[in-house]
Amino acid sequence: MLRFLARRLALAIPTLILASMIIFALQQLLPGDVATALTGEERDPQVIAFIREKYHLDEPLPVRYAYWAGGVLRGDLGESIRLQKPVSELIVEKLPVTLELACLAMLVALAIGVPMGVLSAVKRGQAADTIANGIALWGLSVPNFWLGILLILLFSVELGWLPASGYVSPFESMSDNLAAMVMPAFVLGNAIAAVMMRHTRAAMLGVLGSDYVRTARAKGVSPLRVTLRHALPNAAIPIITLGALEFGQLLSGAVLTEQVFSVPGFGKLMVDAVFNRDFATVQGVVICTAATYIALNLAADLLSAAVNPKLRRA
Amino acid sequence: MTAPMTKPLLDVRDLAVAFDTDGGAVHAVNGVSYTLHEGETLGIVGESGSGKSVHVLAMLGLIPRPPGRITGGQVLFEGRDLLALKERELRKVRGGAIGFVFQDPMSSLNPGMTVAAQIIEPLRIHLGLDARAARVRAKELLDLVRIPNAGARLDQYPHEFSGGQRQRVMIAIGLSCRPKLLIADEATTALDVTVQAEIVGLVQELKRELGMAIIWITHDLGVVAGISDTVQVMYAGRILERGPVDDIFSDPRNAYTLGLLRSLPDLSGGRAGRRRLHQIEGAPPDMRHLPPGDPFAPRNAYATPRCRTEMPPLAQAPGAAPGHLVAAWYDLPQLLSREAAR
C-alpha cells in the first residue's frame, strides 16, 4: 500500500511540471502586454521599463519560466500584479470558499444522484426508472446560470427566504453562511447529480446482472441487502472515479455559478486574473488546481482499493 | 434409489417458462414434469438452450422477471407449491432447504466480500446464528469441503482462491444450511478436467455424509454417469427421456439420447474404440417458433411422419427397466437392430 502511494506521488511530479509549462506557454498567446495594461492611460516609458525590469518581462520565455518555477519551489507563487498581493495569500483567501461550495455541491450530487441511479437500475423499465431518467435529462440540459437566476427569483425575490448573493464566512455565522451557499451548491450539485445518476444506473445494471448477485439471491438474501451490500459496493468504482473528477472540476472554480451568485471563489479570482493579464495569479491558481486534481485522483484510487480488494495488490 | 412409494421431495408438474423478447416470446421450458425423492441424485443433461438451467432457476424465482415469465405448472417442494409462494416465503426456501452451486466459480462469488462473509450470510438468514456461531460454522464448512487451513482462509477474498477452491467455497455455501436438495447448475463446466473430477468426488462424499438429494445439471454425460441415480435428457424445453442411469446408457430409447451418447469419445477399447466421433446434424430449433411435433424431429434420421405433427407423451418405454420413460413415436431398439442387420 505504501509503495503504491509512493509510486503515485512520484508520478504526480512530472504531471505538475508539464501542467505548469503548458499554462505558462498558453498565457503568452493572450494578446496585450502586462506593462502597458498596468500603466493605464498615461504611458510613461520609464514606468513601463521599470515594470518590465521588475517582472523580468524582457527575458526569453524559458528564463521567465525558470524564475517562476524557482519561486514555486521556494513556496513563492509570485505576486499578483493587479492586487499587489502574494498569489499564495489570494489562494489561501479564496480556497476555503471554493472548497466549501464544492463539498456542498458534491453532497447534493451524491445525495440525489446515487440513490436515484440505484433506484432506476433496480426498477429498470418501470415508472420509477422513467421518472429518474427524466429528472436526469432535465438536470443535464438546464444551464447552471439560468437555473441559478430562476432560484434567485423564487427564493430571494419572491419568497425572500434566502439571500440572492454574497458570502458570509462560516466562522462569522454558520446559518448565514449556509443560507448563502445553499442555492449555488444546489445549482452545481444538480448538474453533477444527473451525470452521477446515469453512471450509477449503468454500473448498477451491470452488477445486478452478474452471477454473484444471482448467488446472493439464491442464498435467500433480501432484495434490499442484495442491492446495498452485494451490488452497490461493486458498482462504486465508476461512481468514485466520476465523483473525484467532478469534485476536481468544482475546485477549479465554478465560473458561471460563482458569477451569478457573486461567490468570491476560485472561479471569480481566475476570471478577473485572466481579464487583467495577471499571469502570476492565473499560474498559481492553475498549479494549485492541478495539484488538487492529482490529490483527488489519488484519493479516488485509494477509495476504490478500499472497495475492491483486488485493486489492493496493484 | 428411487422409492416410488414415498412422497417425493420435489414434484414438478407441467412447468412452462417463457421469455418475452422483441422478436416474440421465447418458449424456454415447455411442460416439464418429473419427481425427485429424498436422497436421490438426478442428472439433467441437455445442450445450451434446452431449458435445463432455466427451469430450476424459474422454480425458485431466480429468473429476471420481466422478461422471464412462468406460464404454467406447479412445483411442489415438500408438498408446498413454490410457484404460489410469496417472494418473502420463497426466500426462506432459497439457500435454506434448497442450496445452489452455480457454473462459474470465478464470477459467482462476490469479489468484494470475504469468503467468511459470504458463507455466513445464509447461516444468519436461515439458521439465525449470531456472528460468532456463524463464523465457527463457516470454518467447519470450509473444513467440510476440504479446504486446507480453513481458519486462516476465512478472511481472504475470492481472488485469493484457485478455481477449484472457489467451487469448493460455492459448495460450502450451497450446503451451509443443510439443504434437503442441492442444485448444481453446470458446477464443473468451467473447471479443468482434473479439478472437475475432484469436485465430483467431493460432492459424492458429501452426499454420503449428509444424504441430501441432488439435481446435477450438465451437458457432460460423463459426469452424469459418475454421479446420478437417474438421468433426464432435455431438449428444447422438454424431457425426451428419463430413467435409471445404467439403463439410459445401455438402452437409450430416444434418438437424441443416442446422439449424445454417440458423441462421447470412447476411450475404453483399443482399435475398436477408435471411431469417428458422431455429430448430431442440424441446430436446435428457434425457441420462438417451435415445430408442432417432437422438437428433435427435424434433426432425427429415425423420425416418423407423426413425429413432425404431434408431440409424443413421456411414457414408460416398452420392454425397458421400470421408470425408464421416453417421448418417442418410433421404436429405437427395433430401428437400430434393423440398421445393424443391413
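Would you point out the residue of the range A:9-60, among those that are touching a Lys or Arg at 6+ places or on another chain (Cβ under 7 Å) and assigned to a loop (DSSP other than H, G, I, E, B), that is surrounded by the fewest Cβ atoms within 10 Å (Cβ to Cβ)?
Going residue by residue through the range A:9-60, those that are touching a Lys or Arg at 6+ places or on another chain (Cβ under 7 Å) are A:30, A:32, A:34-37, A:56, A:58.
Next, only the ones that are assigned to a loop (DSSP other than H, G, I, E, B) stay: A:30, A:32, A:56, A:58.
Numbers: A:30: 13, A:32: 9, A:56: 13, A:58: 11.
This residue is A:32.
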Query raised in the report: What is the residue count in the range A:47-81 for residues that are of a type in the set (Val, Ile, Thr) and under 15 Å from residue A:33 (Cα atoms)?
Result: 4
Query raised in the report: What residue, of A:289, A:241, is within 30 Å of residue A:52 (Cα to Cα), away from chain B (no Cβ under 14 Å), out of contact with any Pro (no Cβ under 8 Å at 6 or more places or on another chain) and assigned to a helix (DSSP H, G or I)?
Result: A:289
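Is it the case, given these coordinates, that residue A:231 is within 14 Å of another protein chain (Cβ to nearest Cβ) and of a type in the set (A, V, I, L, M)?
Details: within 14 Å of another protein chain (Cβ to nearest Cβ): yes; of a type in the set (A, V, I, L, M): yes.
It is true that residue A:231 is within 14 Å of another protein chain (Cβ to nearest Cβ) and of a type in the set (A, V, I, L, M).
Here are some residues: A:188, A:150, A:224. Which one is surrounded by fewer than 17 Cβ atoms within 10 Å (Cβ to Cβ) and within 24 Å of the chain's Cα centre (by Cα)?
Numbers: A:188 fails: surrounded by fewer than 17 Cβ atoms within 10 Å (Cβ to Cβ); A:224 fails: within 24 Å of the chain's Cα centre (by Cα).
Checking each option against the conditions leaves just A:150.
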Query raised in the report: Looking at the range A:6-36, which of its residues are under 26 Å from residue A:46 (Cβ atoms), of a type in the set (A, V, I, L, M) and touching a residue at least 60 places away in the same chain (Cβ under 8 Å)?
Result: A:30, A:34
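If the requirement is being more than 15 Å from the chain's Cα centre (by Cα), surrounded by 22 or more Cβ atoms within 10 Å (Cβ to Cβ) and touching a residue at least 60 places away in the same chain (Cβ under 8 Å), which of these qualifies: A:236, A:216?
Working: A:216 fails: touching a residue at least 60 places away in the same chain (Cβ under 8 Å).
Just a single option satisfies the conditions, and that option is A:236.
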Query raised in the report: Only one of (1) of a type in the set (A, V, I, L, M); (2) farther than 30 Å from residue B:181 by Cα; (3) more than 15 Å from the chain's Cα centre (by Cα) fails for residue A:231. Which number is that?
Result: (2)
Report summary line: Checking B:236, B:328 in turn, the sole residue that is touching a residue at least 60 places away in the same chain (Cβ under 8 Å) and either touching a strand residue (DSSP E or B) at 6+ places or on another chain (Cβ under 7 Å) or within 22 Å of residue B:36 (Cα to Cα) (or both) turns out to be B:236
Requested in this report: Can you give me the number of residues within the range B:177-218 that are over 14 Å from residue B:43 (Cα atoms), among the charged types (D, E, K, R) and in contact with an Asp or Glu (Cβ under 9 Å, 6 or more places away or on another chain)?
Outcome: 1
Query raised in the report: All but one of (1) farther than 29 Å from residue A:285 by Cα; (2) of a type in the set (A, V, I, L, M, F, W, C); (3) within 22 Å of the chain's Cα centre (by Cα) hold for residue A:122; which doesn't?
Result: (3)
Requested in this report: Kindly list the number of the only condition in (1) in contact with a Leu (Cβ under 6 Å, 6 or more places away or on another chain); (2) away from every other protein chain (no Cβ under 14 Å) that fails for residue B:34.
Outcome: (1)
Requested in this report: Name every residue in the range B:111-135 that is facing chain A (nearest Cβ under 10 Å), over 27 Å from residue B:213 (Cβ atoms) and either assigned to a helix (DSSP H, G or I) or out of contact with any Asp or Glu (no Cβ under 8 Å at 6 or more places or on another chain) (or both), in order of residue number.
Outcome: B:111, B:112, B:113, B:117
Query raised in the report: How many residues does the range B:141-169 hold that are farther than 18 Å from residue A:219 by Cα and part of a helix (DSSP H, G or I)?
Result: 11
Report task. Considering every residue within the range A:210-219, establish whether at least one is in contact with a helix residue (DSSP H, G or I) (Cβ under 7 Å, 6 or more places away or on another chain), more than 8 Å from chain B (Cβ to nearest Cβ) and aromatic (Phe, Trp, Tyr). Result -> no
Query raised in the report: Among the residues of the range A:184-202, is there at least one that is out of contact with any Ser or Thr (no Cβ under 9 Å at 6 or more places or on another chain), within 14 Å of chain B (Cβ to nearest Cβ), part of a helix (DSSP H, G or I) and closer than 30 Å to residue B:101 by Cα?
Result: no
Requested in this report: Please give the number of the condition residue B:59 fails out of (1) out of contact with any helix residue (DSSP H, G or I) (no Cβ under 6 Å at 6 or more places or on another chain); (2) within 14 Å of chain A (Cβ to nearest Cβ).
Outcome: (1)
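Values quoted throughout were computed directly from the atomic coordinates according to the rules given, and no laboratory measurement underlies them. None of these values were measured; they are calculated from a predicted model. We place every Cβ from the backbone using ideal geometry, glycine too, and count neighbours over all the protein chains shown.
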